[in-house]
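Below is one structure, written out as structure tokens, with a few remarks after it.
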Amino acid sequence: MNLAAIFPFEYPLPTAFYLFWYVLTLVIHVVFMNYVLGGITYLGLSSLAGRPNRNQLALMLRDWMPFAIGVAITAGVAPLLFIQILYQKAFYTANLLLFHRWMIILPILIVGFYLTYLLKAKKVADWPYAVRVLLGLASFACFAFIAYSWTENYLLSMESKEQWAEFYGSSKIMYDNAAKLPRLGIWFLGAFATMGMLVGWQLWYKNQHENVKLVSILAILGLIASGVCGYIYKGMVEAHMPNSPYLYLGLGCGVVQILLWVVQMTKAKFSGMLLTLISVVCPLGIVGMTVVREQVRLAAIDLEPLYPLHKAAMGVSGIVCFLFFFLLNAGLILYIFRLVKKNWIGGEMEAE
Ligand code: HEM
């Protein structure tokens with residue numbers, strides 16, 4: 001096999017170092033943001049049904065949503081730092097061109113975060129139908145908008161100087177690009193499979209098996225729909241699409257996941273064995289797709305002039321400081337898990 005085709009060995013060490021850590025940390029972000037996206041979509045859309053959704057899946061998602069958002073946000077910080085070192089001008093230009101639209105993700109993130117605490121509150125079940133629907137859909141809209149913004153920023157960052165100038169001159173608020181929706185669909189719809197894996201473990205652990213079929217169906221449909229979006233998107237970026245082993249890794253893991261969820265669907269209970277297999281294949285699939293995602297961008301952006309800057313950045317130390325805070329924060333997160341577990345009474349933890 002051509003080693004140069006195996007990302008990121010074709011780059012100088014400092015660039016390869018940042019690419020490796022960027023992709024790895026982005027994969028972690030994707031895992032948790034998938035729980036948020038899949039979960040909030042399920043909660044938001046199910047608020048349209050008459051009574052408050054109190055099945056085991058909905059209760060579990062509602063309980064853990066604020067925590068999952070916290071983890072997704074925290075996990076977003078590391079790739080955000082690496083991407084700035086890696087792409088510099090391309091990333092900043094997209095940020096600046098979108099400006100208000102880009103910055104508004106912060107207040108929306110805060111509003112969305114607090115809305116998920118409201119969603120958990122017991123009192124909400126007694127509120128009028130219209131208010132409950134509004135609350136559910138507003139929470140969903142906040143996170144859908146954030147996902148949309150990241151996709152828009154990614155696509156704009158890959159454009160040429162001429163297209164940036166044209167966009168600036170147009171004074172448009174939104175960046176028009178036909179690839180936006182299929183691209184967003186890949187992440188958004190694929191999110192249900194990762195959400196199914198994580199929430200599947202949570203329900204398995206609590207011995208709650210009421211929604212095995214529902215979780216399996218959401219995962220299967222999500223994977224198929226994500227694949228369809230991937231196919232459409234591939235046709236749109238054909239010029240930059242690499243014939244990469246990672247593409248086959250991503251696709252292969254998608255197919256295997258579908259098969260595993262189909263088997264899971266036929267069972268009355270969540271199976272630890274199946275969930276373990278899914279937990280191997282799902283992150284591997286995300287790694288495959290995340291590397292391809294980067295290869296598409298690397299084919300569009302010339303990184304070579306940035307090699308000296310990557311080298312200079314690598315020369316700036318701080319690894320000890322980083323590792324200290326990494327371990328400290330990992331420890332704190334584990335401690336919070338223990339606290340939550342200790343105070344979990346009767347499988348439900350609803351706020352008053
Ligand atoms: C919880 C709400 C969030 C959601 C739903 C979300 C969703 C997404 C999605 C869908 C993508 C992929 C976009 C694409 O490739 O088209 C993405 C990428 C990314 N997200 Fe998040 N995100 C969230 C919060 C955050 C936060 C708070 C940060 C930073 C602290 C962050 C950092 C990143 C980074 C660095 C990327 C990669 C961008 C790039 O490569 O151009 N995310 N996010």
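The values are calculated or read from the model by the stated rules, or taken from the named source; none is laboratory data. Just so it is clear, the model here is predicted, and its values are computed rather than measured. Cβ placement follows ideal geometry from the backbone for every residue including glycine, while neighbour counts extend to all protein chains displayed. Surface accessibility is based on the protein's heavy atoms, side chains included, excluding ligands, DNA and RNA. Shrake-Rupley method; radii C 1.70, N 1.55, O 1.52, S 1.80 Å.
Brief remarks on what is shown
- Pairwise centroid distance, computed over Cα atoms, of the stretch 178-218 with the stretch 47-63, Å: 15 Å
- Extended-chain gain in nm, criterion 0.36 nm per residue less alpha-carbon gap, VAL316 and SER46: 92.2 nm
- Ordered from highest to lowest accessible area with the whole protein assembly present and a 1.4 Å probe, GLU162, GLU294 read as GLU162, GLU294.
- Compared with the alpha-carbon gap, the fully stretched path from ALA299 to TYR129 is longer by 56.2 nm at 0.36 nm per residue.
- Relative contact order, percent, the chain [alpha-carbon distance under 8 Å, six or more residues apart]: 23 percent
- Cα-based convex hull volume of the stretch 210-352 per residue, rounded to whole Å³: 202 Å³
- Mean-square fluctuations from a GNM of the chain, with a 10 angstrom spring cutoff on Cα atoms, peak among SER157, SER46, SER139 at SER46.
- Both radii are taken from the alpha-carbon atoms of the chain; with Rh as the Kirkwood radius, Rg/Rh is 0.97.
- Among 169-175, 198-204, the peptide with the highest mean count of other Cβ atoms within 10 Å heads the list, and the full ranking is 198-204, 169-175.
- FRET efficiency, 1/(1 + (r/R0)^6) with R0 25 Å, evaluated for PHE324 and LEU181 via beta carbons: 0.05
- Note that the stretch 1-151, at 25 °C in a medium of 0.890 mPa s, gets a Stokes-Einstein diffusion coefficient of 142 µm²/s from its Kirkwood radius over C-alpha pairs.
- Percent RCO, i.e. relative contact order, over the stretch 51-208, from Cα pairs under 8 Å lying at least 6 residues apart: 32 percent
- Across all directions, the average projected area of the convex hull around the alpha carbons of the stretch 151-263 is 8.9 nm².
- Our helix-only sum for the chain, with -39,500 (n - 2.57) per DSSP H run of n ≥ 4 divided by its residues, gives a mean residue ellipticity at 222 nm of -27000 deg cm²/dmol.
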